[in-house]
Amino acid sequence: MSHAVNLEQAAQLLARGHVVAIPTETVYGLAADATQPKAILKVFEIKRRPLEHPLIVHLADPEGIFHWSAHLPRFASILIEHFMPGPLTIVTRRPPHVAKEITGGRDSVALRVPAHPLTRALIQRLGELRSLPYPAIAAPSANRFGSVSPTCAAHVHADFHGEDLGVLDGGLCSAGIESTIVDCTKEVPTILRLGAIPQEAIDGVLGMRVPVETHGDVRAPGMLPAHYAPRAKVVVASSLSEFQSLSQKLRESYRFVASIGAPRELSSEFNHSIPWSDDMEANARALYSTLRHLDDLGVEAVLVLLPPLSGLGAAIADRLLRASKA
Ligand code: AMP
Ligand code: MG
């Protein structure tokens, strides 16, 4: 049975090589002490994640980045200064001491400093227990591979109720969508995953238009086309006319159809309808719990009118597009 643990219990479990579910400001994570390869392998086993898909290393403080990275280009230092702690992950060259189990055999490692105070206190406590100057935990999202990410402790319990897993409850995730990943292994940056820090903010501090390459090889599992998917079929429309024609088709094929983002005058066509808020941060925060809620209601298909592709809207649309390909 999954069960609630407090901070001290979570730190003790991590120190002894167990896996613990932890809150962060993006989504909940399935964490192991990053210095214990055996513990890291347990994360893959519980999540049922293929071993070649790397995990993000989470640190208590930005100072730890220098220990966990072999090389940082200048632009990476600027990103660290502006966005850490926060929902930014940098991929950097892997120093020899970083276990290959974390990186799926790659010579790069993904690093992040979460902004959640409980997570940072937990990592610090792990460092005290193990006498590590730069403690870290390796963690992917705390859901089964390929399904919807968890944004509260109840989601984690729902996915892992059959597992002997301690869950540290840190409330609702304030960002609610995964971190933005920037490749810092070369002298020029590339965005590998759109996320909670908008591309415009990254472009702004670096003074350049950073290329986005989220459809390349499987450098990031979040880049897999079919990811973040609920049980219900997800169909996306990028214009109102497309939305209207898809709406008719879906209602002919399915009995229980929901919509996300339907204009008010069309919402009554659906069995259940959830509007977009004008606040894009609120939409990101609610996205995964909305998808889970629609599954709980037994919705067969969800038609989504994609939000505008600027700011956080781009990350939200990215997740929904991937869900639609499952
Ligand atoms: P998840 O928390 O399930 O989204 O998984 C962790 C994310 O970090 C994945 O999307 C990985 O692709 C990304 N990641 C971790 N390590 C690396 C790496 N060495 N290179 C590129 N991406 C990475
Ligand atoms: Mg994930």
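The values are calculated or read from the model by the stated rules, or taken from the named source; none is laboratory data. In this text the structure is predicted, and so the values were computed from the model without any measurement. Please note: Cβ atoms are built from the backbone with ideal geometry, for glycine as well, and neighbour counts cover all protein chains shown. Note: areas computed on protein heavy atoms with side chains; ligands, DNA, RNA excluded. Shrake-Rupley method; radii C 1.70, N 1.55, O 1.52, S 1.80 Å.
For the chain, a Gaussian network of Cα nodes joined below 10 Å ranks Gln199, Gln248, Gln124 by mean-square fluctuation, and the top entry is Gln248.
Each eigenvalue of the Cα gyration tensor of the range 1-137, multiplied by 5 and square-rooted, gives one semi-axis; in descending order these are 22, 17, 14 Å. For Met208, the solvent-accessible surface with a 1.4 Å probe is about 70 Å², rounded to the nearest 10. Residues whose amide H falls under 5 Å from that of Lys233, counting only those 5 or more places apart or on a different chain, are Ala301, Val302, with hydrogens built in the peptide plane. Of Cys184, Cys152, the order by accessible heavy-atom surface (1.4 Å probe, DNA, RNA and ligands excluded), from most exposed downward, is Cys152, Cys184. For the range 181-189, the Karplus equation 6.51 cos²θ - 1.76 cosθ + 1.60, evaluated at θ = phi - 60°, returns couplings of 10, 10, 6, 10, 8, 10, 7, 10, x Hz by residue, with Gly and Pro reported as x. Computed with a 1.4 Å probe on the full set of protein chains, the accessible area for Glu81 sits at about 150 Å². Remark: the range 258-271, residue by residue, has Karplus-estimated 3J(HN,Hα) of 10, 10, 10, x, 5, x, 3, 6, 9, 5, 6, 5, 10, 5 Hz, where x stands for each Gly or Pro and the curve is 6.51 cos²θ - 1.76 cosθ + 1.60 at θ = phi - 60°.
In the chain, Cα pairs under 8 Å separated by at least six residues give a relative contact order of 21 percent. The range 39-62 and the range 85-139 have Cα centres lying 10 Å from one another. Straight-line reach from Lys249: taking Cα to Cα under 20 Å and skipping same-chain neighbours fewer than 8 places apart, the aspartates and glutamates in range are Glu265, Glu269, Glu300. Considering only alpha-carbon pairs that sit under 8 angstrom and 6 or more positions apart, the relative contact order computed for the range 19-129 is 32 percent.
Charging the Cβ of each Asp and Glu at -1 and of each Lys and Arg at +1, and nothing else, the dipole of the range 173-313 about its Cα centre rounds to 340 debye. Computed extension length for Leu172-Leu129: 12.7 nm, one decimal, from 0.36 nm per residue of separation with the Cα-Cα distance subtracted. Using a cutoff of 8 angstrom between alpha carbon atoms and counting only pairs six or more residues apart, the relative contact order for the range 146-209 works out to 22 percent. With all pairs of separate Cα atoms included, the range 177-296 yields a Kirkwood hydrodynamic radius of 16.8 Å. Under 5 Å between amide hydrogens, built in the peptide plane, is the criterion, and for Arg193 it picks out Ile181 among residues at least 5 positions away or on other chains.
Once backbone amide H atoms are built at 1.01 Å from N, Ile274 has Ser259, Ile260, Gly261, Ala262 as its partners under 5 Å, excluding neighbours fewer than 5 places away on the same chain.
Averaging over all projection directions, the Cα-based convex hull of the range 97-162 occupies 6.1 nm² in the image plane. Kirkwood's formula applied to the C-alpha pairs of the chain gives a hydrodynamic radius of 20.1 angstrom.
A simple rule links phi to the HN-Hα coupling: the Karplus curve 6.51 cos²θ - 1.76 cosθ + 1.60 with θ = phi - 60°, which for the range 44-60 gives 4, 5, 5, 6, 6, 9, x, 5, 7, 8, x, 9, 8, 8, 9, 10, 6 Hz, with x for Gly and Pro. Just checking the listed ones, Val98, Val156, Val57: in the Gaussian network model of the chain with Cα springs under 10 Å, the one fluctuating most is Val98.
Bridging of Lys186 to aspartates and glutamates at a Cα separation below 20 Å is possible for Glu81, Asp107, Asp203, Glu213, Asp217, once same-chain residues fewer than 8 apart are set aside. Anyone know which of Ala142, Ala175, Ala99 comes out most mobile in the 10 Å Cα GNM of the chain? With Cα springs under 10 Å in the chain, the top fluctuation among Ala142, Ala175, Ala99 is at Ala99. Accessible-area rank, largest first, for Asp318, Asp279: Asp279, Asp318, with all protein chains present and a 1.4 angstrom probe.
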